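A short write-up of the structure that comes next.
The values are calculated or read from the model by the stated rules, or taken from the named source; none is laboratory data. None of the values given here were measured: they were computed from a predicted structure. For neighbour counting, all protein chains shown are included, and Cβ atoms are generated from backbone atoms with ideal geometry for every residue, glycine included.
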Amino acid sequence: MKLKIAGFLLLFLFILGACSSAESTDSEQTESSRKETAKTEVLTGNTFDLVAEEAAHSLNSEVDVEAWTFNNSVPGPELRVKEGEEIKINLKNKLPDPVTIHWHGVPLENNMDGIPGVTQNAVQPGDSYTYNFTASVPGTYMYHTHQDGVNQVDKGLYGSLIVEPDEVSYDQDYVMMLDEWMSNPVTMDMANMDHENMSGMGDSEESAEEKSMADDMSNYDIFTINGKSGDEVETLTVKEGEKVRLRLANIGFMSHQIHLHGHDFKVVAIDGQEIKNPDDIKDQLLSIAPGERYDIEFTADNPGEWYLECHGEMEGTKGMKARIQYENQENESTDKPNDTIDLPKFDFMTYGEDKKAAFTLDQIYDVEYTMNLNTEAKNNATVYTINRKTYPDTDNIQVEKGDLVKVKLVNKSDSEDHPMHLHGHFFQVLSKNGKPAEGAPILKDTINVKPGDEYIVAFKADNPGNWLFHCHDLHHASAGMVSLVSYKDYIVDFSPDPDVNNKPE
């Protein structure tokens with residue numbers, strides 16, 4: 001009997017050991033076969049395939065994160081198309097959650113805007129979706145998921161779209177996407193909450209704690225350029241005499257103060273829109289808010305090694321810098337990073353050559369609307385409101401095609417910026433804090449309204465649809481700061497599916 005028991009014990013231990021060995025082998029295989037991101041590709045033409053998929057991504061020499069990617073890179077492919085081209089993008093979703101693609105800043109038909117529950121249903125895991133539109137306006141644009149964006153954009157699900165004009169005036173052209181990451185990520189499900197009373201945020205101490213962690217920007221401790229930080233950021237190589245264009249696009253959730261060392265430069269476009277006769281400036285900080293794009297140009301006339309860097313005091317600041325290296329340089333630059341030097345900030349309200357503008361402050365408008373932006377406490381939670389309401393209960397801006405629309409944006413929050421982004425249109429900035437714009441007319445799709453500030457902007461309602469007008473700090477959008485520009489009599493050509501988990505932010 002004892003021998004039988006001993007035999008059974010030996011057999012049990014053998015099986016247990018075999019199972020442990022198999023589990024170990026499976027774990028090793030999973031670890032060794034884990035997909036890692038590749039270098040971002042530049043794709044040209046008019047038809048593109050974008051695959052949303054997971055991969056391990058290295059931010060710097062010390063920190064890897066589990067990223068969500070387009071085509072296995074962060075950022076996703078840089079798409080370069082020609083002005084006027086009809087383009088087609090085929091999206092395949094290999095992620096565990098639904099996704100969409102929003103073409104940030106691009107004027108296109110409403111049904112191609114990529115907003116779940118508003119212009120389409122979210123693309124489910126394993127499914128595909130095709131976007132078709134005309135690249136009608138040249139400029140620097142971005143694409144990113146608009147499904148649960150506060151989490152999915154945070155994971156890396158974005159890229160750049162460059163619409164090139166018929167003729168270019170530069171020799172080198174670099175896209176630089178600015179972002180920030182958490183070395184210890186906090187995942188939020190704010191977009192799944194009931195924004196009527198925000199009860200989902202007050203149901204437990206855990207949810208309130210998670211929200212506080214996500215809203216604390218100090219958790220973002222790694223700043224990146226094109227998905228890399230510090231010494232991992234790719235060097236920008238130039239030749240003496242070349243005209244160099246840098247396209248600075250902020251896909252993150254906070255503003256970044258960018259300084260170009262050693263060269264005069266011009267701000268030639270903001271949010272993709274060219275500026276009339278831009279002036280030469282030097283040693284000014286470009287404050288680039290979430291959703292904004294600044295194109296600058298400089299002549300490579302100062303051989304050596306220089307820096308483009310972020311200024312500030314946050315932990316991640318020092319990682320957001322890139323070297324500018326001259327080819328075949330004979331002299332060595334003594335330039336060193338200096339992210340704390342006090343420099344003046346660039347002011348687009350007084351920049352460029354004054355010329356006749358499409359809109360003025362004193363003309364007659366068909367629609368006038370005021371957006372009071374605020375931070376409020378409701379049901380033991382912080383919400384972000386437009387005129388004291390949270391999405392989807394915010395009041396839409398109702399327009400008819402052809403209307404001239406004037407909007408006043410007022411930030412009543414004590415300490416938080418609100419970079420407000422309008423889909424499907426460009427607006428002209430008319431005034432700031434009661435002072436009219438003095439330089440060239442500035443056309444934008446995103447404007448950063450700081451606490452206490454007031455901007456007046458105007459646009460023509462010339463693109464029928466239902467268009468989001470929201471804060472591009474997606475923590476704020478997910479907690480309510482979203483409204484719509486809604487065209488009367490516009491007929492939506494899809495049926496929202498209640499079972500697909502549409503999360504428009």
*So which strands (runs of 3 or more DSSP E) are wholly in segment 115-190 and hold at least 3 residues that are in contact with a strand residue (DSSP E or B) (Cβ under 6 Å, 6 or more places away or on another chain) and over 24 Å from ALA249 (Cα atoms)?*
128-134
*Mind checking which pairs have a first residue in segment 273-292 that is on the phi > 0 side of the Ramachandran plot and without any contact (Cβ under 8 Å) to a residue 40 or more places away in the chain and a second that is surrounded by 22 or more Cβ atoms within 10 Å (Cβ to Cβ) and not in a loop (DSSP other than H, G, I, E, B), Cβ under 8 Å, 6 or more apart or different chains?*
none
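Each row is one residue, and each column tells you yes or no for (1) acidic (Asp, Glu); (2) closer than 20 Å to VAL233 by Cα; (3) in contact with a helix residue (DSSP H, G or I) (Cβ under 9 Å, 6 or more places away or on another chain).
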residue	(1), (2), (3)
ARG293	no, yes, no
ASN302	no, no, no
TYR307	no, yes, no
ASP335	yes, yes, no
ILE341	no, no, no
_If GLN124 satisfies all but one of (1) more than 21 Å from the chain's Cα centre (by Cα); (2) free of Cβ contacts under 8 Å to residues at least 60 places away in the same chain, what's the number of the condition it fails?_
(2)
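Given PRO392, PRO419, which one is touching a residue at least 40 places away in the same chain (Cβ under 8 Å), closer than 23 Å to GLY114 by Cβ and surrounded by fewer than 21 Cβ atoms within 10 Å (Cβ to Cβ)? Break it down stepwise before answering.
Values: PRO419 fails: surrounded by fewer than 21 Cβ atoms within 10 Å (Cβ to Cβ).
Criteria check complete, one pass: PRO392.
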_For segment 277-286, give me the residue count where each residue is surrounded by 14 or more Cβ atoms within 10 Å (Cβ to Cβ) and within 24 Å of LYS356 (Cα to Cα)._
3
*Only residues that are touching a His at 6+ places or on another chain (Cβ under 9 Å) and in a loop (DSSP other than H, G, I, E, B): list them for segment 477-502, please.*
ALA479, GLY480, MET481
*Regarding ASN379, is this residue out of contact with any His (no Cβ under 9 Å at 6 or more places or on another chain), on the phi > 0 side of the Ramachandran plot and modelled with pLDDT under 95?*
yes
_From the list PHE469, PHE459, PHE426, exactly one residue is of a type in the set (Phe, Trp, Tyr), surrounded by fewer than 23 Cβ atoms within 10 Å (Cβ to Cβ) and within 24 Å of HIS102 (Cβ to Cβ). Which is it?_
PHE426
*Among (1) within 20 Å of the chain's Cα centre (by Cα); (2) surrounded by fewer than 21 Cβ atoms within 10 Å (Cβ to Cβ) - the single one LYS94 does not satisfy*: (1)
*Would you mind stating whether ASP279 is in a strand (DSSP E or B) and more than 20 Å from SER229 (Cβ to Cβ)?*
no
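Does ASP395 satisfy the condition of being acidic (Asp, Glu) and either within 26 Å of the chain's Cα centre (by Cα) or at pLDDT below 95 (or both)?
Numbers: acidic (Asp, Glu): yes; either within 26 Å of the chain's Cα centre (by Cα) or at pLDDT below 95 (or both): yes.
Judged against the criteria, ASP395 is a match.
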*asked:* Restricting to segment 122-145, name every residue that is surrounded by fewer than 20 Cβ atoms within 10 Å (Cβ to Cβ) and either over 19 Å from VAL51 (Cβ atoms) or in contact with a His (Cβ under 8 Å, 6 or more places away or on another chain) (or both).
replied: PHE133, THR134, SER136, VAL137
*asked:* Against the definition (in contact with a Gly (Cβ under 8 Å, 6 or more places away or on another chain), within 30 Å of GLY402 (Cβ to Cβ) and either of a type outside the set (A, V, I, L, M, F, W, C) or not assigned by TED's automatic domain parsing to the domain that holds VAL407 (or both)), how does ASP271 come out, yes or no?
replied: yes
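Just need a number here: residues in segment 282-316 that are aliphatic (A, V, I, L, M) and assigned to a strand (DSSP E or B).
Looking only at segment 282-316, we keep the residues that are aliphatic (A, V, I, L, M), and these are 285-286, 288-289, 296, 300, 308, 314.
Right, trim to assigned to a strand (DSSP E or B) and you get 285-286, 288, 296, 308.
The number of residues fulfilling the criteria is 5.
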*Scan TYR170, TYR143 and give me the residue that is modelled with pLDDT of 95 or more and aromatic (Phe, Trp, Tyr).*
TYR143
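Considering only residues that are over 19 Å from the mean Cα position of the chain (by Cα) and part of a strand (DSSP E or B), which ones fall in segment 55-88?
Narrowing segment 55-88 to residues over 19 Å from the mean Cα position of the chain (by Cα): 55-56, 58, 60-64, 81-88.
Residues satisfying the conditions are ALA55, ALA56, SER58, ASP64, VAL81, LYS82, GLU86, ILE87, LYS88.
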*Scope segment 71-116; condition in contact with a Gly (Cβ under 7 Å, 6 or more places away or on another chain) and under 20 Å from VAL233 (Cβ atoms); matching residues*: VAL74, PRO75, GLY76, PRO77, GLU78
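Do the conditions hold for LYS155, that is, is it within 30 Å of ASP497 (Cβ to Cβ), basic (Lys, Arg) and modelled with pLDDT of 85 or more? Break it down stepwise before answering.
Numbers: within 30 Å of ASP497 (Cβ to Cβ): yes; basic (Lys, Arg): yes; modelled with pLDDT of 85 or more: yes.
It is true that LYS155 is within 30 Å of ASP497 (Cβ to Cβ), basic (Lys, Arg) and modelled with pLDDT of 85 or more.
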_Qualifying residue in segment 410-428 (condition: modelled with pLDDT of 95 or more, of a type in the set (S, T, N, Q) and on the phi > 0 side of the Ramachandran plot)_ = no
